[in-house]
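J.: Quick one: the structure is below, questions incoming.
The values are calculated or read from the model by the stated rules, or taken from the named source; none is laboratory data. These numbers come from a predicted model, not from an experiment. Cβ placement follows ideal geometry from the backbone for every residue including glycine, while neighbour counts extend to all protein chains displayed.
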Ligand SMILES: [Zn+2]
């Protein structure tokens with residue numbers, strides 16, 4: 001289990017950041033995927049934006065982007081019709097069989 005997955009279990013959204021080139025390493029890893037440098041783990045901003053969504057019955061699935069780097073798929077809580085580019089917040093993350101993310105649109 002990676003630090004990323006351990007974080008998710010505690011509802012913490014963390015990612016690795018390269019100490020050399022200062023870029024977020026995504027997907028998270030123990031070394032940088034550009035320069036193979038060492039990384040540190042840090043919390044990611046939980047405020048992002050909506051990139052894409054699709055509706056299936058009453059559930060809305062979406063792709064959300066954080067810190068202009070990280071794209072994650074999850075479910076979206078919304079009472080109105082989502083608009084691409086709209087701000088959203090990561091309200092819950094967890095890790096059971098797989099990664100789970102729940103987002104909520106900000107009005
Ligand atoms: Zn690097």
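J.: Restricting attention to segment 93-107, and to residues there that are in contact with a strand residue (DSSP E or B) (Cβ under 8 Å, 6 or more places away or on another chain) and over 16 Å from residue 59 (Cα atoms), which single residue is surrounded by the fewest Cβ atoms within 10 Å (Cβ to Cβ)?
T.: Taking segment 93-107 and keeping what is in contact with a strand residue (DSSP E or B) (Cβ under 8 Å, 6 or more places away or on another chain), we get 93-94, 99-106.
Filter once more, keeping what is over 16 Å from residue 59 (Cα atoms): 93-94, 99, 106.
Details: 93: 21, 94: 14, 99: 14, 106: 12.
So the residue we want is 106.
J.: If you don't mind, there's one more thing I want to ask. With the requirement that a residue be surrounded by 13 or more Cβ atoms within 10 Å (Cβ to Cβ) and more than 15 Å from the chain's Cα centre (by Cα), what does segment 43-62 give you?
T.: Those that are surrounded by 13 or more Cβ atoms within 10 Å (Cβ to Cβ) and more than 15 Å from the chain's Cα centre (by Cα): 55, 60.
J.: How many of the residues in segment 86-98 are under 15 Å from the mean Cα position of the chain (by Cα) and at pLDDT 95 or above? Full working, then the answer.
T.: Going through segment 86-98, the residues under 15 Å from the mean Cα position of the chain (by Cα) turn out to be 87-95, 98.
Add one more test, that the residue is at pLDDT 95 or above, and what stays is 87-95.
Summing the residues that are under 15 Å from the mean Cα position of the chain (by Cα) and at pLDDT 95 or above in segment 86-98 gives 9.
J.: Now for a different question. Please go through segment 65-85 and give me each residue that is under 10 Å from the mean Cα position of the chain (by Cα) and either in a strand (DSSP E or B) or not assigned by TED's automatic domain parsing to the domain that holds residue 54 (or both), ordered by number.
T.: To start, the set of residues in segment 65-85 that are under 10 Å from the mean Cα position of the chain (by Cα) comprises 65-67, 69-74.
Answer for segment 65-85, where residues must be under 10 Å from the mean Cα position of the chain (by Cα) and either in a strand (DSSP E or B) or not assigned by TED's automatic domain parsing to the domain that holds residue 54 (or both): 65, 66, 70, 71, 72, 73, 74.
J.: Going through segment 18-40 one residue at a time, which ones are surrounded by 18 or more Cβ atoms within 10 Å (Cβ to Cβ) and in a strand (DSSP E or B)?
T.: Scanning segment 18-40 gives 18, 24, 25, 39.
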